[in-house]
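A short worksheet on the structure shown next.
The values are calculated or read from the model by the stated rules, or taken from the named source; none is laboratory data. Given the structure is predicted, the values throughout are model-derived calculations rather than measurements. Here the Cβ positions follow ideal geometry from the backbone for every residue, glycine too, while neighbour counts run over all protein chains shown. Please note that ligands, DNA and RNA were not included when accessible areas were found on the heavy atoms of the full protein model with its side chains. Shrake-Rupley method; radii C 1.70, N 1.55, O 1.52, S 1.80 Å.
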Amino acid sequence: MTSLSDLPLRDNLVGKEPYGAPQDAVPVSLNVNENTHPIPEHVAIDIVQSLAHAVTDVNRYPDREFTELREALAGYLGHGLIPEQLWAANGSNEVLQQILQAFGGPGRSLLSFTPTYSMYPLLASATDTAWIPVERPADYALTPELVVAALREHQPDIAILCGPNNPTGTPLDRAVIEAAYDAFDGMLIVDEAYHEFDAQHESAVTLLPGRHRLMVSRTMSKAFAFAGVRLGYLAADPAVVDALRLVRLPYHLSALTQAAATAAIRHADAMLATVADIRSQRDRLAEALVQLGYRVHDSGANFLLVGGFADPEATFAALREQGILIRNLSIPGHLRITAGTEAETSTVIAAIAALGVGGARS
Ligand code: PMP
């Protein structure tokens, strides 16, 4: 048997851990910020009909330019966006990887504000891009001053602002994005994976006119309840889309993915109908945990970062034993919990309450 250390792996991948949130088949899975509601039946039926039609043509390669899907995405985002400004790939992770392939690489750098999405440094290593982590303040909120100072100091080739930020939930103010764009000459990504859950902030797509280095990345994996299909997308200047075409693999979006996503967008209202309930479950979870003595960080997303656990790994393990999966991201004293259905939220609240003060079994 050969082990990884016997192989001539690229230097910048040596010692790295693959992304790997547990995927246990448990009754209550609240660990990867999915929308835990199933998609509506009438939408499922329409998607299946679209797939049935698409499958009759799979002897041919799919539309390389996914024209119909880009038109649908432009229509969904609104704000006067045209299909030439839209791009998509198999999850927004792939979109982010393509951005790094096009604008990062050896001798170039990516800056992000930590704690933030754990894939950013992994995507940086995979593309041989230097990663520059800059720590957020204690409340995790970014300010124009902090962001401008970091970008002026490091002058990265690419910066990512995640709003709302994973894993903290922290919303992102428009003034921060505007100040960041003006503070450096590199490409600025706003990662809006959780945007639909944030009732307070307008999408950064409204900032695109006149800002050709700005890219707004979105996904159907979260609010849209479509994680299994793998469809992430991006809105940017058409020239940015031309750059991504240089690095995408030929026909990277399968005909079935294109058909399923286009059909789902036809039913955007029905697909997003659970968002209001998820927000209210998040707020109910927050109130319950505060009552139990935990510190809950302000969240504009479908999850909460919760502090006050005496031994987060022990609490994570105790809940896992009961069939409840949440996330330990190694932030001291903290765990992250996705807001699920009403029943799932009740189950996790009751289970944490039963563990006693600080999540330690008494
Ligand atoms: N960005 C953020 C902030 C995320 O949390 C995630 C998923 N956890 C992604 C991007 C990628 O999601 P997907 O590839 O499913 O679109």
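Details
- The trypsin sites (Lys or Arg not before Pro) found in the stretch 38-72 that occupy coil by DSSP, while having at most 14 further C-beta atoms within 10 Å, are 60, 64.
- With every protein chain in place, the stretch 218-360: carbon and sulfur % of accessible area (1.4 Å): 56
- Accessible area of residue 11 in the full protein assembly, 1.4 Å probe (Å², nearest 10): 140
- Long-range Cα-Cα pairs in the stretch 298-343 (distance over 16 Å), rounded percent: 39
- Cα-centred dipole magnitude for the stretch 12-60, charges only on beta-carbon of K, R (+1) and D, E (-1), debye, nearest 20: 200
- Normalising the average separation of contacting C-alpha pairs (under 8 angstrom, six or more residues apart) by the number of residues puts the relative contact order of the stretch 103-147 at 43 percent.
- A Stokes-Einstein calculation at 10 °C with viscosity 1.306 mPa s, built on the Kirkwood radius of the stretch 129-215 over Cα pairs, returns a diffusion coefficient of 120 µm²/s.
- Protein heavy-atom surface of the stretch 49-128, 1.4 angstrom probe: 49% of the accessible area is carbon and sulfur, with nucleic acids and ligands not counted.
- Where the Cα pairs of the stretch 191-318 fall when distances are cut into 5 Å bins, in %: 2, 9, 13, 16, 16, 15, 11, 8, 6, 3, 0
- Each residue of the stretch 340-351 is assigned a 3J(HN,Hα), and the resulting list reads x, 6, 4, 5, 5, 5, 4, 4, 5, 4, 4, 5 Hz, derived from the Karplus form 6.51 cos²θ - 1.76 cosθ + 1.60 (θ = phi - 60°), x at Gly and Pro.
- Relative to its Kirkwood radius, the Cα radius of gyration of the stretch 1-104 gives an Rg/Rh of 1.06.
- Just checking the listed ones, 219, 347, 274: in the Gaussian network model of the chain with Cα springs under 10 Å, the one fluctuating most is 347.
- Average accessible surface area per residue within the stretch 254-362, 1.4 Å rolling probe, Å²: 40
- Cα centroid separation, the stretch 230-249 to the stretch 296-358 (Å): 36
- Cα centroid of the stretch 163-181 to Cα centroid of the stretch 123-151, whole Å: 11
- Of the GluC sites (Glu not before Pro) in the stretch 1-87, the ones in a loop by DSSP (not H, G, I, E or B) with at most 16 other beta carbons within 10 Å are 65.
- Note on the stretch 70-193: Cα Rg divided by 2.2 N^0.38 Å, N the number of residues, gives 1.05.
- With protein chains left intact and a 1.4 Å probe, residues in the stretch 69-218 average 35 Å² of accessible area per residue.
- Loop-located trypsin sites (Lys or Arg not before Pro) in the stretch 272-362 (DSSP state not H, G, I, E or B) with no more than 13 neighbouring Cβ atoms inside 10 Å: 361.
- Based on the convex hull around the alpha carbon atoms, the chain presents an average projected area of 19.7 nm².
- For the stretch 102-192, the relative contact order works out to 32 percent when only alpha carbon pairs closer than 8 Å and six or more residues apart are counted.
- Ratio of Rg to Rh over the stretch 118-177 (Cα coordinates, Kirkwood Rh, two decimals): 0.95
- In this simple spin-label model, placing a label point 7 Å from the Cα along the Cα-to-Cβ direction at both residue 298 and residue 202 gives a separation of 2.0 nm.
- Descending Cα extents along the principal axes, the stretch 92-156, whole Å: 31, 22, 15
- Its Cα centre serving as origin, the stretch 27-119 has a Cβ charge dipole (Lys and Arg +1, Asp and Glu -1) of approximately 400 debye.
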